[in-house]
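Structure record follows, encoded as structure tokens.
The values are calculated or read from the model by the stated rules, or taken from the named source; none is laboratory data. Here the structure is a predicted model, which means the values were calculated and not measured. FYI the Cβ positions are ideal-geometry reconstructions off the backbone, even for glycines, and counts take in every protein chain you see. In case anyone asks, the SASA skips ligands and DNA or RNA and just uses the protein heavy atoms, side chains included. Shrake-Rupley method; radii C 1.70, N 1.55, O 1.52, S 1.80 Å.
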Amino acid sequence: MSLLDGDLIIVRTIGANLSSKQDAYCLVETNLDANIKKKSFVISKSSNPEWNNEFVIPVSGMVLKNIPNVTLLFTVMDENKITKDEFIGNVSLQIDTNQFHLNEEVKRTLSLNTPKKNEIEIAIRIVRISGAESQSAIHKCPTHNISINSLCKTCKKLMCSACAVSKLHNTHKIHLIEDVEGIEREEIFEFKSDIDKWINEEKISVNQLENELGNTEISTTETKQKIQSQFLKIKELLEKKESEVLYSLDKQSQFRMDYLKELLDWKLSCDQMFNDFEKLKPYDFLDLKLSKFDNLKYSFTKTKSTYQPKKNFVKDLEQTESKVGDKIENITRVIENNF
Ligand SMILES: [Zn+2]
Ligand SMILES: [Zn+2]
């Protein structure tokens, strides 16, 4: 077999046989990706540490083009709590893909390049979640740089095989894109036919909606105009009534002013006459008295009997104002209650 974009190399660091007791751990690196540096558990004070850690190395098609052989580098270290960790030894392994079958684990015992005998046991498995190569190369996982070929139904997210087998999603419902595409399309198809059915029942069409959109604006404008003209009738009626009320008020006031002028004239003519009486010589005085006095007495009686004091007029004004106020209040209440 040969590796394809999206394949996963699963490396298991099983354990080691060391020449002395160490606090040993194992690092796994690969020429596929310089950023990958996986670290096993540390097993304290043991010459036969059993790590049993599994690491996922995603295979990117882009990287494969430039690398003839995939190499893994295993480095065994001795952990020191205080000083720097010490290097025990390392060994590199070129993966001969001809010796692999998909999903079958191949175990290897590798000797570290040290004078004393130090061995590690590892296992390698190549996993291909099929469909990896069929996906467009444009959609690469930004984390693992391999094709996105899976769907996590739990997270509702598209992802690559390496993401799909990671801890984050390992209890989730993962499907291959190519496996679920049909079902997902069917769901959309069914949904569309639900909409179509309703659209048919309600006889909705794009044409009809566009027409209605235009007509809605026109008929709204027409209705608004009708309502405005109805309100205008009320406004005109109110204006008419207002001018009637003001007109009668003007008349009332004009009547009062005419009366006041009359009274003023009478008072001035009285003053003038008494002034004359005082100044005139006996003959002229008597002559004037004989001709005017009866008139004067008569005019006084008449003025007294028709006298209209100021307070009556003020009362009239107040009454007019409060009658109008009551009516306006009633009308306002009717309008408020009806709209
Ligand atoms: Zn990924
Ligand atoms: Zn998930």
Practice task
Kindly sort Phe274, Phe339, Phe189 by accessible area of their heavy atoms, largest first, with the probe set to 1.4 Å.
Solution key: Phe339, Phe189, Phe274
Exercise for the section: With springs connecting C-alpha atoms under 10 Å apart, model the chain as a Gaussian network and identify which of Ile88, Ile234, Ile57 has the largest mean-square fluctuation. Expected result: Ile234
Completion exercise
Under the Karplus relation with 6.51, -1.76 and 1.60 and θ = phi - 60°, whole-Hz ³J(HN,Hα) for the range 85-95, x at Gly and Pro, equal 4, 9, 6, 9, x, 9, 7, 10, 9, 8, 7
Practice task
Using a 1.4 angstrom probe, figure out how much accessible area the range 1-128 has per residue, in square angstrom, rounded to the nearest whole.
Solution key: 53
Problem - Accessible area of His172 in the full protein assembly, 1.4 Å probe (Å², nearest 10) - result: 50
Exercise for the section: Report the accessible area of Lys140, computed with a 1.4 Å probe over the heavy atoms of all protein chains in place, in Å² rounded to the nearest 10. Expected result: 50
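At a 1.4 Å probe radius, which order do Val11, Val91, Val245 fall into by accessible area, largest first?
Values: Val11 0, Val91 25, Val245 55 Å².
Highest to lowest solvent-accessible surface, that is Val245, Val91, Val11.
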Handout entry: On Cα atoms only, tilt of 177-201 relative to the major axis of the chain in degrees
Key = 30
Exercise for the section: Kindly express, to the nearest 10 degrees and within the range 0 to 90, the angle between helix 310-338's C-alpha long axis and the longest C-alpha principal axis of the chain. Expected result: 30
Practice task
Taking amide H positions as placed in the peptide plane 1.01 Å from N, state which residues far from Gln22 in sequence (5 or more) or on other chains have amide H under 5 Å from it.
Solution key: Lys45, Ser46, Ser47
Problem - Where labels lie 7 Å past Cα in the beta-carbon direction, separation of Glu217 and Leu238 in nm - result: 3.2
Exercise for the section: List, in the order given, every pair from Lys240/Lys261; Lys39/Lys84; Lys261/Lys304; Lys235/Lys315; Lys251/Lys327; Lys39/Lys65 whose Cα-Cα distance in the structure shown is over 24 Å. Expected result: Lys240/Lys261; Lys235/Lys315; Lys39/Lys65
Handout entry: Degrees, to the nearest 10: 206-279 long Cα axis against longest axis of the chain
Key = 30
Completion exercise
Scanning the chain, every Cys lacking a C-beta partner under 4.7 angstrom -> Cys26, Cys163, Cys270
Handout entry: Of Lys21/Lys107; Lys203/Lys233; Lys38/Lys117; Lys241/Lys267, those spanning more than 30 Å from alpha-carbon to alpha-carbon
Key = Lys203/Lys233; Lys241/Lys267
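Could you order Arg125, Arg185, Arg333 so the one with the most accessible surface comes first? Probe is 1.4 Å. Walk me through the numbers before you get to the answer.
On the way: Arg125 60, Arg185 155, Arg333 120 Å².
Ranked from most to least accessible, the order is Arg185, Arg333, Arg125.
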Practice task
Quote the charge dipole size of the range 1-102 about the Cα centre in Debye, to the nearest 20; the model charges only the Cβ of Lys and Arg (+1) and of Asp and Glu (-1).
Solution key: 180
Exercise for the section: Hey, can you grab everything whose amide H is under 5 Å from the amide H of Ile88? Only 5+ residues off in sequence or another chain; H modelled, so Pro and N-termini drop out. Expected result: Val76, Met77, Asp78
Fill in the blank from the handout: When the charge dipole of the range 1-128 is computed with +1 at the Cβ of Lys and Arg and -1 at the Cβ of Asp and Glu, the Cα pointing farthest to the positive end, of Asn35, Val106, Thr83, is that of Thr83
Exercise for the section: Please work out how much length the chain gains when fully extended from Asn113 to His139, using 0.36 nm per residue of separation minus the C-alpha to C-alpha distance, in nm with one decimal. Expected result: 5.2 nm
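Helix-derived [θ] at 222 nm for the chain: sum -39500 (n - 2.57) over DSSP H runs of at least 4, divide by residue count, nearest 500? Numbers along the way, then the final one.
Numbers: 6 runs with 162 residues, N = 339.
Result for the chain, helices only: -17000 deg cm²/dmol.
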